[in-house]
């Protein structure tokens, strides 16, 4: 993950914001890269030690802590022989020099170890990220789902906050 070499007070504010934004986007991509590599240690490193993560009621209750993220990823990723996560429409909104909220769309393809069709997920990550001594990390994550295909029906999801269709 990229991290600027100097503190936010040592740079031009516009340049600092661009570098921080890119570091946050890199963090989001690193999470996906680690997921696709089956790197649970790397996944946990994307989060703060006291993070809160909510992937939906069917996946389980919200969990707290990077160790829980490691353990949850280990349990989930062993179900798949391969995955491919893709992010788009990344929005980063700063609410101070050391904190931001992000949202992005995610498409995730999953090939189950068990015989059967591939699984597909169309979702959004809504994150709160904070600057730590180790760089930007995810402090809170909530996943909202627009649609899924192939996942077991008991994997209930929290739906996206899509507005109603115009009349």
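The values are calculated or read from the model by the stated rules, or taken from the named source; none is laboratory data. The structure presented is a predicted model; accordingly, all values stated were derived computationally and were not measured. Virtual Cβ from ideal backbone geometry, glycine too; neighbours counted across all protein chains shown.
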Handout entry: Condition met for residue 124 (under 15 Å from the mean Cα position of the chain (by Cα) and more than 14 Å from residue 27 (Cα to Cα))
Key = yes
Completion exercise
Of 90, 25, 59, the only residue that is touching a helix residue (DSSP H, G or I) at 6+ places or on another chain (Cβ under 8 Å), in contact (Cβ under 8 Å) with a residue 60 or more places away in the chain and crowded, with 17+ Cβ neighbours inside 10 Å is 59
Completion exercise
Of the residues in segment 60-87, those that are within 15 Å of the chain's Cα centre (by Cα) and either outside any strand (DSSP E or B) or farther than 17 Å from residue 125 by Cβ (or both) number 11
Fill in the blank from the handout: Cβ pairs under 6 Å, 6+ apart or interchain, first in segment 68-86 and at positive phi and surrounded by fewer than 17 Cβ atoms within 10 Å (Cβ to Cβ), second in a helix (DSSP H, G or I) and modelled with pLDDT of 95 or more, ordered by first then second residue, are none
Exercise for the section: Check whether at least one residue in segment 93-108 is in a loop (DSSP other than H, G, I, E, B), under 16 Å from the mean Cα position of the chain (by Cα) and modelled with pLDDT under 95, and report yes or no. Expected result: no
Problem - Residue among 123, 108, 146, 99 that is in contact with a helix residue (DSSP H, G or I) (Cβ under 9 Å, 6 or more places away or on another chain), in contact (Cβ under 8 Å) with a residue 12 or more places away in the chain and surrounded by 13 or more Cβ atoms within 10 Å (Cβ to Cβ) - result: 108
